[in-house]
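Asker: Structure in structure tokens, see below.
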Amino acid sequence: MRTGLRAVGAGAFLGLTLVACGATAGATPAITPGTSNRPRPVIILAKDYTYLPAVVDLVPGESVVFQIVNGGLIVHEVVIGTMRIQDAWEAAEAATVGAPPGPTPVVSVPPDVAGLRVVVLSGQRVDAPWTVPSDASSSGDAWLVGCHIPGHWAEGMVVPIRFVGTDGRPLPIETGSKVP
Ligand SMILES: [Cu+2]
């Protein structure tokens, strides 16, 4: 599990074009939080085997619509959630190891550890609305974007979520936070 953070390095390498656009490692520009009437588009590009951007900034309580594009050659997914949620999907999908090529086998986890999961085929774009829990930054848990198609997490297909204020500055994380 701990090897997942390698993706941050790989994401930084693949994210050169983003850096050129001004999305450097520091605070992001001011964010206008999405509302239920006007969700904020958040683009996540899945590749073989990482995501862009290398850090996903979200404002607690805002409504977003993830615009998930699979620019890789194989099926990927986006699981949004804490480590508990990531672990649940990793375990559930491990059961699909050895499945033949084709439609992704149907798997599920208990609702309390479901988070948000979106499966995206190669070349496909899926838009997924989601409301960021308003207590997400104060729960003490790190949140992540991860892929649990068997073997992908181990390949480093995970990037952190950073909770930010409307000024784009990272919010303080309560003590006791668990960084995976
Ligand atoms: Cu994947």
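Every read-out reported here was derived from the displayed coordinates using simple, explicitly stated rules and does not represent laboratory data. All values derive from a computational prediction rather than experimental measurement. Note: ideal-geometry Cβ built from the backbone for every residue, glycine included; neighbour counts use all protein chains shown.
Asker: So, counting K/R as plus one and D/E as minus one, what does the shell of residues with Cβ under 14 Å around I43 add up to?
Answerer: Here the charged neighbours net out to +1.
Asker: Among I85, I74, which comes first, second and so on when ranked by fewest other beta-carbon atoms within 10 Å?
Answerer: I74, I85
Asker: Which whole-Hz couplings ³J(HN,Hα) result when phi for each residue of segment 160-167 is put into the Karplus expression 6.51 cos²θ - 1.76 cosθ + 1.60, θ = phi - 60°, listed in order with x for Gly and Pro?
Answerer: Per residue, the Karplus-derived 3J(HN,Hα) values read x, 9, 10, 7, 10, x, 5, 8 Hz.
Asker: Treating only the Cβ atoms of Lys and Arg (+1) and Asp and Glu (-1) as charged, compute the dipole magnitude of segment 57-180 about its Cα centre; round to the nearest 20 debye.
Answerer: Using only the charged Cβ atoms, the result is roughly 160 debye.
Asker: Among rounded, prolate and oblate, which fits segment 60-180 when a ≥ b ≥ c are the square roots of the eigenvalues of its C-alpha gyration tensor, a/c under 1.5 means rounded, and a/b larger than b/c means prolate?
Answerer: Prolate, because a/c is 1.5 or more and a/b exceeds b/c.
Asker: Another question about this same structure. Out of residues 5 or more away from L144 or on other chains, whose amide H comes under 5 Å of its own, with H placed 1.01 Å from N in the peptide plane?
Answerer: Under 5 Å from the amide H of L144 lie the amide H atoms of G81, T82, I161, each far enough along the sequence or on another chain.
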